[in-house]
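Structure first, commentary second.
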């Protein structure tokens, strides 16, 4: 399954589950325009090949709890592979960091951090700064509201220009 080549039907299946989450065999087949058994077989193959990481609920967090969301850009003091590995391993275990993207250019990482309060965020940043993970400097941007949050449209991304 290492060299699994996706065709248009596979892309339609991935697009359907990305948009709708887990679906019944009949509903998925209807959306994809394929009979149920072959559709389900393809989905199983896609899962086995690692194309589907999981299914998640999109929770309206703001309806559940008050929270503070902060975007943080981070620059490391050193840029060796071991420095990046140490930072990434440490960050992977911090629950408040919900996204961390390695970037090229002026900053090394952009993180999305969600904390119960601004003071909790400040405590987290003090902990990160005092840890031996190589942070040289960081900048913070308090998120005031989410204007758009979406997943990439897999169907559009895979179309040939």
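Values computed for the structure shown
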| read-out | value |
| --- | --- |
| Unique residue being in a loop (DSSP other than H, G, I, E, B) and in contact with a helix residue (DSSP H, G or I) (Cβ under 9 Å, 6 or more places away or on another chain) when the list is 46, 28, 23 | 23 |
| Cβ-Cβ under 7 Å pairs, at least 6 apart or on other chains, region 1-29 side surrounded by fewer than 12 Cβ atoms within 10 Å (Cβ to Cβ), far side outside any helix (DSSP H, G or I) | 1/49; 21/55; 22/55 |
| Where residue 154 falls short, out of the listed (1) exposed (fewer than 15 other Cβ atoms within 10 Å of the Cβ); (2) closer than 29 Å to residue 11 by Cα | (1) |
| Filter result for the condition that a residue is under 29 Å from residue 158 (Cα atoms) and in contact with a strand residue (DSSP E or B) (Cβ under 6 Å, 6 or more places away or on another chain), over 110, 114, 72, 52 | 110 |
| Cβ-Cβ under 7 Å pairs, at least 6 apart or on other chains, region 106-118 side within 16 Å of residue 85 (Cα to Cα), far side outside any strand (DSSP E or B) | 109/103; 110/103 |
| Criterion (in contact with a helix residue (DSSP H, G or I) (Cβ under 8 Å, 6 or more places away or on another chain), at negative phi and at pLDDT below 95) met by exactly one of 133, 142, 155 | 155 |
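The values are calculated or read from the model by the stated rules, or taken from the named source; none is laboratory data. Computed from a predicted structure; not experimentally measured. Backbone-built Cβ (ideal geometry, glycine too); neighbour counts: all protein chains shown.
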